[in-house]
1. Taking the range 37-53, which residues are touching a Ser or Thr at 6+ places or on another chain (Cβ under 7 Å) and assigned to a helix (DSSP H, G or I)?
2. Between PRO51, PRO63, which is surrounded by 14 or more Cβ atoms within 10 Å (Cβ to Cβ), touching a helix residue (DSSP H, G or I) at 6+ places or on another chain (Cβ under 8 Å) and over 22 Å from PRO115 (Cβ atoms)?
3. In this structure, does VAL77 turn out to be β-branched (Val, Ile, Thr), within 18 Å of the chain's Cα centre (by Cα) and open to solvent by less than 70 Å² (accessible area, probe 1.4 Å)?
4. For the subset of the range 25-45 comprising residues that are open to solvent by less than 80 Å² (accessible area, probe 1.4 Å) and within 21 Å of ARG66 (Cβ to Cβ), which member is farthest from the chain's Cα centre (by Cα)?
5. Taking the options LEU117, LEU148, name whichever one is without any contact (Cβ under 8 Å) to a residue 40 or more places away in the chain, of a type in the set (A, V, I, L, M, F, W, C) and either open to solvent by less than 40 Å² (accessible area, probe 1.4 Å) or over 22 Å from CYS96 (Cα atoms) (or both).
6. Sort out which residues of the range 177-196 are open to solvent by 20 Å² or more (accessible area, probe 1.4 Å) and in contact with a helix residue (DSSP H, G or I) (Cβ under 6 Å, 6 or more places away or on another chain), and write them in order of number.
7. Those residues that are open to solvent by 70 Å² or more (accessible area, probe 1.4 Å) and hydrophobic (A, V, I, L, M, F, W, C), I need them from the range 86-113; list them, please.
Amino acid sequence: MHLTELNRECLLHLFSFLDKDSRRSLSLTCHQLREVFLDPRLWNLLHFSSPCQLRRDNFVLGPSLRYLTVCWYSSRVLQVCNIEDWLKSSFQKDICSKHESLVSTFLAHVCHTCPNLRSLTLSGCGHITDRDVISTLRSCRKLRCLHLENCVRITDCSLEGVAAHGDSLEEVKVDFCRNITQAGLQAVREKRPNIQLSAERSADMIPDSKPEEKVPLRRTLQKLLQFS
């Protein structure tokens, strides 16, 4: 039997064992397999290991998406993306300019096309903002798990969004997000006691301080050592 003689359900099952690149390569062989590749039912789970992968055409966003993960484990995150904008050199800013809007733009597409998202994990996404998180919470009302790790621009505003729009949320993690405070965590616990909330190290880290604020010398030295 030729592969294309199988019915749609069998082909979808076979495609499910392939990674994104293999699925795309197979879809280029004929129109029938291309239709299988574009079937939203195939894309209930997506995992990306760097923002540059979000630019590729080897996946499909649709209402069947349930689990989404964007994890960028790279030295560039610590040495470039996690540094406050006012401390970055021109070289570091140039590096960031090439990818800083990728995850935010991608999440905007998710908001418009994936209303049934259940779980969202963002790790090492140093450029996403509270606005990105709140927009996702507003659009994906069925979201149950939200995991944010090492996302330095996330503040208590995202926690306020969790309290205001996280009607279906069951678990929220904000690990190593240095601009999260104990007060913000406590507010969520009071407003949403049913949410399983955890924050490893977040509220114990040194938060960002704007240039006009007077920062003790000791904290400034600690900050510089953290990124050296």
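1. Scanning the range 37-53 gives PHE37, PRO40, ARG41, LEU42.
2. PRO51
3. Numbers: β-branched (Val, Ile, Thr): yes; within 18 Å of the chain's Cα centre (by Cα): yes; open to solvent by less than 70 Å² (accessible area, probe 1.4 Å): yes.
Criteria met by VAL77.
4. At the first step, the residues of the range 25-45 found to be open to solvent by less than 80 Å² (accessible area, probe 1.4 Å) are 25-27, 30, 32-33, 36-37, 39-40, 42-44.
Checking which are within 21 Å of ARG66 (Cβ to Cβ) leaves us with 36-37, 39-40, 42-44.
Numbers: VAL36: 27, PHE37: 24, ASP39: 24, PRO40: 21, LEU42: 21, TRP43: 17, ASN44: 16 Å.
Across the range 25-45, the extreme among qualifying residues is VAL36.
5. On the way: LEU117 fails: without any contact (Cβ under 8 Å) to a residue 40 or more places away in the chain.
Exactly one of LEU117, LEU148 is without any contact (Cβ under 8 Å) to a residue 40 or more places away in the chain, of a type in the set (A, V, I, L, M, F, W, C) and either open to solvent by less than 40 Å² (accessible area, probe 1.4 Å) or over 22 Å from CYS96 (Cα atoms) (or both), namely LEU148.
6. Within the range 177-196, THR181, GLN182, LYS191, ARG192 meet the criteria.
7. Within the range 86-113, TRP86, LEU87, PHE91 qualify.
The values are calculated or read from the model by the stated rules, or taken from the named source; none is laboratory data. Here the structure is a predicted model, which is why all the values come from computation and not from measurement. Here the Cβ is made from the backbone with ideal geometry for all residues, glycine too, and neighbour counts use every protein chain on show. We work out accessible area using only protein heavy atoms, side chains counted, and drop any ligands, DNA or RNA first. Shrake-Rupley method; radii C 1.70, N 1.55, O 1.52, S 1.80 Å.
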